[in-house]
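Asks: One structure is given below, represented as structure tokens, and several questions about it will come after.
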Amino acid sequence: MYVKDRMNKKVVFVSENLSVAKALAAMNESNHKRLPVVDAQNKPIGVIDRRSIDALGTARFVLANTKITDIMDSGLFKVSEEMLVEDCALVMKDNKTGFLPVVDKNGILTGVITSYDMFKGLMKLMDIKGEGCRCIVEGREIGKITEVLSDCDIRSIYTDEENTVVKFDTNDFENAKKKLEEQFNVLYIKNRF
């Protein structure tokens, strides 16, 4: 799954030459806590957030006469829309951010991706809301698990350090459950049809 599949394409952004007062108005209107700041070519150059604006106080004169570029975070991390979401998650983690501007191959802003977007993508990848069977098996023997479930339609399978999670469809859940329990230590199994 790519960033372009998870990002928010209806991005609200502000131009670098705006006042903080106008950025605050854009945030209030769009109900966003942070916005990308772009240059004249629509290339991201920073991010402005509500905390930075609130730190200035409420004086209208200050807000109207302070430029976004004076208080924006210019240590900008951005990601390509062609980046894998796993790599994007690492960028977020390594840089302790839950908000990244997304650019096309020319560096033009095409969207934003947030930790919430990533979380929704993880839910989709794991098919959490979907129907079907789900099990967690102790160990990481994917080949053996797929062999045991060969008469089932495996929709997803992934491992962590200790366990394997399998999402599958079958017309005979009790038989699949029995076969798994005979071969593995099944930590969890449920049919959600």
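Asks: Looking at (1) over 29 Å from Ser156 (Cα atoms); (2) in contact with a helix residue (DSSP H, G or I) (Cβ under 8 Å, 6 or more places away or on another chain), which one does Val3 not meet, given that it meets all the others?
Replies: Only one criterion is unmet by Val3, namely (1).
Here's the yes/no breakdown for (1) assigned by TED's automatic domain parsing to the domain that holds Ala55; (2) closer than 19 Å to Gly46 by Cβ; (3) acidic (Asp, Glu); (4) modelled with pLDDT under 90:
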| residue | (1), (2), (3), (4) |
| --- | --- |
| Asp73 | yes, yes, yes, yes |
| Leu84 | yes, no, no, no |
| Leu109 | yes, yes, no, no |
| Thr146 | no, no, no, no |
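Asks: For region 79-193, which fully contained strands (runs of 3 or more DSSP E) count at least 2 residues that are more than 29 Å from Val12 (Cβ to Cβ) and of a type outside the set (Phe, Trp, Tyr)? Reasoning before the result, please.
Replies: On the way: elements: 99-103, 109-114, 133-138, 153-159, 163-169, 186-191.
Result: 133-138, 153-159, 163-169, 186-191.
Asks: Here's a check for you: in region 32-65, which residue that is hydrophobic (A, V, I, L, M, F, W, C) and either part of a loop (DSSP other than H, G, I, E, B) or on the phi > 0 side of the Ramachandran plot (or both) is nearest to the chain's Cα centre (by Cα)?
Replies: Ranking the qualifying residues of region 32-65, first place goes to Ala40.
Asks: Could you list, in sequence order, the residues of region 34-61 that are surrounded by 13 or more Cβ atoms within 10 Å (Cβ to Cβ) and in contact with a helix residue (DSSP H, G or I) (Cβ under 9 Å, 6 or more places away or on another chain)?
Replies: Arg34, Leu35, Val37, Ile45, Gly46, Ile48, Asp49, Arg50, Ser52, Ile53, Leu56
Asks: Now, a different point. Looking only at region 65-83, count every residue that is more than 19 Å from Ile48 (Cβ to Cβ) and either polar (S, T, N, Q) or surrounded by 13 or more Cβ atoms within 10 Å (Cβ to Cβ) (or both) and tell me the total.
Replies: Summing the residues that are more than 19 Å from Ile48 (Cβ to Cβ) and either polar (S, T, N, Q) or surrounded by 13 or more Cβ atoms within 10 Å (Cβ to Cβ) (or both) in region 65-83 gives 3.
The values are calculated or read from the model by the stated rules, or taken from the named source; none is laboratory data. For clarity, every value in this text was computed on a predicted model and none was experimentally measured. Positions of Cβ are backbone-derived with ideal geometry, glycine not excepted, and every protein chain shown enters the neighbour counts.
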